């Protein structure tokens, strides 16, 4: 029978009724993508240095593995991500049961928040730290308590105090830190863990750990119940567009992710690329060298223009523009106007800085050319 | 300072405290992956015909686009998926504001459930329909009401009655259906929409629509507020391992996904592959032909072995083993033992059947060889 015209009474609903919590949330994006800015500008960026991507790219072996997997993409990825988990467990000297693979740290943060946070539950983070974590906490109705940075570092003592006062269920700390690029020693992190309140789980976001100096990565027995470490293939491994990250934690919590995760979300190409990248540790060493050189060059560029480059344990250099947030925002705006994509911290006093990702020679040269003009135009 | 040994009091926590709802959920997987079975069996399947993947693969243009994107995977994907959304809107003659791109239909179902379902909210589906939807509803505390199938079709009248009785917020219907392969006409779907209770949103899962006969796809004005249609690149487009799907719905609901979605989850390779596949509609036509031929061959194989192939509007053929669930489960077990991966419906009376995905000639030949042996062994 042929399709009939739609009846006059159709549609019957004005709008679907969201839950009160969902209705109260803004429709937002934690970060505006560079593509959005390019569409607004009507032209492409000359240098893409704003999202802490790795312009050095992934291992050639990872690229080859992804291309091979593209031929097999008619198959779902293994929902247990067995091969990748096994390799990660060998790499970290733990059991596959201590590993959760997810569609990026962002997804893992979302699942963890869902597992642990009810409306009103207290959560501690730093004022100016990773906004996507806050997006998830707010999304599940948690209450954020924020400790200020201290000398451009996240402040473990203040975070601990806040966790004790608020009886926090989660304490988020990135080491190395984003957006300031600073790090704490392994010993400081170990002390923090030892002093956590009994009801507090530490989320130790180690997205940038592969780029940090020796002594930054603490030895934490994998069955430690009050810590979950987060890692990613987006930064040093150079595959931000692949969306693959993982957690290392005690087996009971790792298993709990199976209650809520999107079991098939890490696809076939993602698993193949991540596995090949993990196995090419020699390539990762070359990235560390390139990163060190690019950090040094960015620091020079900053100094040559009267900015103060902060020490960086990451794939970006945060530069103190030496005045207030309005001035740094003006510098940022003028860089964007000159087709240089960079970002900056959002809160006082971090917002005196701009944050510039490492890049290849051409990108850093484009930045070096644009920066003095941008500073001049910012006035 | 060197890392100190971990203090004796470390760790302090026995296990993180999950929310009561999370604690009550099982750690489960909606589907066991074929790789898990292969690891259990200690050998690979000869024919992978259980997950309704497309062994015909994606468009060569999509493969080329994914390979090219692999070279650029150091960049995050556009969080607005602008180019893909624009192309989808042109394809469906709607606005990009009517489109939500997500990391597969599974993710979109999860986000939608989160947006709309509070604990105890009623949700209607068919008894034996897509378990991953149920996984999400249960995960957010919704209450499932299930209408039995009628003559191997989902039953729109029974679903509507149940929605009215329960005052359902969501009504899930797949057209064409999985696991039975049946479909309703566009007119039946249009009537269903016209008769929805005012508080009920229809989730019209059209994962298999590209393989359905003419007259199956209803014309629904995109601004219709009480319907959300779900589509995927996993089935006819042959990219299950890419994890890309999308929703078509009224702009207010589409925008609401931005409240909760993982904004960067659809990566660079996924967006490139999906866009290239969408633009290669000629390839999709060849898949329809191949699917029709494979359906006919699978139906022949079924009949030759005394099974009754059900009519299929999808990329699989559900075969009535003509006895009860125990018998069909035995046939399935014997097929698995002969390295043929197939699945079957989980509930009475659908579980008298096995479900066999379309495949290439070699896979169907392997199935044809194994089936009589499996039936004999099943007794």
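Values in this text are rule-based calculations from the coordinates and carry no lab data. Given the structure is predicted, the values throughout are model-derived calculations rather than measurements. We place every Cβ from the backbone using ideal geometry, glycine too, and count neighbours over all the protein chains shown.
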Point to revise | Cα-based Rg and Dmax for chain B, where Dmax is the largest Cα-Cα distance (Å) | key: 22.0, 76
Study note, to complete from the structure: For segment B:215-357 the translational diffusion coefficient, Stokes-Einstein from a Kirkwood Rh over Cα pairs at 20 °C and viscosity 1.002 mPa s, in µm²/s, is roughly 119 µm²/s
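Using 1/(1 + (r/R0)^6) with R0 = 25 angstrom and r between the beta carbons of residue B:91 and residue B:285, what's the FRET efficiency to the nearest 0.05?
After rounding, the FRET efficiency stands at 0.95.
In cubic angstrom, how much convex hull volume per residue do the alpha carbon atoms of segment A:306-353 span?
Output value, Cα hull per residue: 78 Å³.
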**Study point:** Two-decimal ratio, segment A:245-285, of alpha-carbon radius of gyration to 2.2 N^0.38 Å
**Key:** 1.45
Check your understanding: Tell me, how many Å apart are the Cα centres for segment B:175-231 and for segment A:138-177?
Key -> 47 Å
Review point. With chain A treated as a Gaussian network of Cα nodes joined by springs under 10 Å, which of A:299, A:62, A:90 yields the largest mean-square fluctuation?
Key: A:90
Check your understanding: Helix-derived [θ] at 222 nm for chain B: sum -39500 (n - 2.57) over DSSP H runs of at least 4, divide by residue count, nearest 500?
Key -> -12000 deg cm²/dmol
Point to revise | Nm distances between copies for residue A:27, ranked from closest, using label points 7 Å along Cα→Cβ | key: 3.8
**Study point:** Convex hull projection area averaged over all views, segment B:181-232, Cα basis, nm²
**Key:** 3.7 nm²
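Per the Kirkwood formula on distinct C-alpha pairs, the Rh of segment B:46-120 is how many angstrom?
Numbers: mean 1/r = 0.0639 Å⁻¹.
Answer for segment B:46-120: a Kirkwood hydrodynamic radius of 15.7 Å.
Please find the FRET efficiency linking residue B:324 to residue B:373, where r is the Cβ-Cβ separation and R0 is fixed at 30 Å, and quote it to the nearest 0.05.
E between residue B:324 and residue B:373, to the nearest 0.05, is 0.90.
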Practice item. Report the residue, chosen from A:95, A:59, A:182, that carries the largest GNM mean-square fluctuation when chain A is represented by alpha-carbon nodes joined by springs under 10 Å. Key: A:95
Practice item. Based on a Kirkwood Rh over C-alpha pairs, give the Stokes-Einstein translational diffusion coefficient of segment A:10-63 at 37 °C and viscosity 0.692 mPa s in µm²/s. Key: 208 µm²/s
Check your understanding: When chain A is treated as a GNM, springs tying every alpha-carbon pair under 10 Å, which of A:47, A:24, A:69 comes out with the largest mean-square fluctuation?
Key -> A:24
Check your understanding: Average partner chain C-beta neighbours within 10 Å, per residue of B:250-263?
Key -> 6
Review point. Other chains' Cβ within 10 Å of A:233-241 residues: what's the mean?
Key: 5
Review point. Taking Rh as the Kirkwood radius, which is the inverse of the mean 1/r over Cα pairs, what is the Rg/Rh value for the protein assembly as shown?
Key: 0.98
**Study point:** Antiparallel %, DSSP beta bridges [both residues in segment A:189-345], to 5
**Key:** 65 percent
Revision key, fill the gap. With the label set 7 Å along Cα→Cβ, residue A:326 is separated from its counterparts in the other copies, in nm and shortest first, by 8.3
Exercise for review: Give me the compactness ratio for segment A:281-379, meaning the Cα radius of gyration over 2.2 N^0.38 Å.
Suggested key: 1.05
Practice item. May I ask which residue of chain B has the beta-carbon nearest to the axis carrying chain B onto chain A, and at what distance in whole Å? Key: B:67, 2
Review point. For residue B:143 and residue B:360 in the same chain, what is the full-extension length gain: residue separation times 0.36 nm, less their Cα-Cα distance, in nm?
Key: 74.0 nm
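Pairs of alpha-carbon atoms within less than 8 angstrom and 6+ residues apart define the contacts here; what relative contact order does segment A:42-195 have, in percent?
17 percent
Kindly identify segment A:13-163 as rounded, prolate or oblate by the Cα gyration tensor criterion: order the square roots of the eigenvalues as a ≥ b ≥ c, call it rounded if a/c is under 1.5, otherwise compare a/b with b/c, prolate if a/b is larger, else oblate. Each step should come with its number before you reach the end.
On the way: a/c = 1.38, a/b = 1.24, b/c = 1.11.
The shape class here is rounded.
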Study note, to complete from the structure: Shape descriptors of segment A:60-279 over alpha-carbon atoms, Rg and Dmax in angstrom, are 17.0, 54
**Study point:** Label 7 Å beyond Cα on the Cβ vector: residue B:213 copy-to-copy distances, nm
**Key:** 7.3
Practice item. Between residue A:61 and residue B:337, with labels modelled 7 Å along Cα→Cβ, what's the label distance in nm to one decimal, could you check? Key: 4.1 nm
